[in-house]
Amino acid sequence: MFSFILLSALVLCGCAQYSSDQCSWRGSGLTHEYHTRDVEQVYLRCAEGSLEWLYPTGAIIVNLRPNLPSAEGQLRACVKPRPDSCGARLYVERAGALRLLLTEEDQAAGRVRCFSLQEGALFVEASARRDISRRITAFQYQLISTHTPARDQPRSHTASCRPCADDELLMAICTSDFAVRGSIHHVEEEEEEDEDQVSVVVSLSHVYRQKSRVFVSGGGGRGRGRWTGRVKMQRRCDPRAGQGEFLFTGAVRFGEAWLRCAPLYKDFIRVYHAALDEGTNPCHIHTD
């Protein structure tokens, strides 16, 4: 099925299209009308962006090359298809070898998949169809640091669920996309039955830091007050209301909060004050 890949990679289209900021790409397969096996090279150099391929024919190799020195080996790329994305499959490609990342069915279901930049480039191959009208392959991408252990960067993009070491917890309060204090209000099941994850609605008393306002305040205030939001985590974490007050930390991916560390707040305070006494805390926060 893919016997043409190595040959066609030698016949690259010379009309690669780039956005002005090199974060996103938008093009049309109609440029391949008479060379349906052409493979076009695209280079994107940002931490996040998007791709939109109208009337997909042939294939595109998407090279994610962030403008960060020595960062490529420490990054994973996560891809989130647009709900109407169709007309192509997504693979990870290295030296002509392919690993399937997202089928058309996966894209229609909104699956999010991740891969290491060391594995290779993103290979987007148009499906073999006579009628390419009304077909658009489109997705967002984000690059994620892999400084955390590999077991916490699952391919299915689910959140981690494990105890965090004291030093990791102290660093999480300083560097996570969000760090908030509060309790579980209730748990909502995900629509995708095959995904082992849940959406936890949290009620918060304090927001220490957050990226992209995933938590909102009823009074429009900042810091203290009544805040609410959702945190994604694995079902095996067994989240339930009434378990106490937590410090939730994690990453924001495609506008959603994903759990990393969530100790009981009283346990975090114990660790934090011990680090204060020893002068080893990496950053300061306001505590009661």
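Overview of results
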| item | result |
| --- | --- |
| Some residue of the stretch 66-84 being at pLDDT 85 or above and over 14 Å from Tyr141 (Cβ atoms) | yes |
| Subset of the stretch 97-141 (residues that are surrounded by 14 or more Cβ atoms within 10 Å (Cβ to Cβ) and either modelled with pLDDT under 70 or not assigned by TED's automatic domain parsing to the domain that holds Gln74 (or both)) | Ile132 |
| Enumeration of residues in the stretch 250-281 that are under 26 Å from the mean Cα position of the chain (by Cα) and outside any strand (DSSP E or B) | Phe254, Gly255, Ala262, Pro263 |
| Qualifying residue in the stretch 45-62 (condition: modelled with pLDDT under 95, of a type outside the set (D, E, K, R) and over 20 Å from Gly27 (Cα atoms)) | yes |
| Residue match in the stretch 88-98 (condition: under 23 Å from Arg26 (Cβ atoms), touching a Gly at 6+ places or on another chain (Cβ under 6 Å), touching a residue at least 12 places away in the same chain (Cβ under 8 Å) and in a strand (DSSP E or B)) | yes |
| Residue list for the stretch 241-265, restricted to those being without any contact (Cβ under 8 Å) to a residue 60 or more places away in the chain and not aliphatic (A, V, I, L, M) | Gly242, Gly255, Glu256 |
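The values are calculated or read from the model by the stated rules, or taken from the named source; none is laboratory data. Since we're looking at a predicted model, the values are computed, not measured. When we count neighbours, we look across all protein chains shown, and the Cβ atoms used for this are built from the backbone with ideal geometry, even at glycine.
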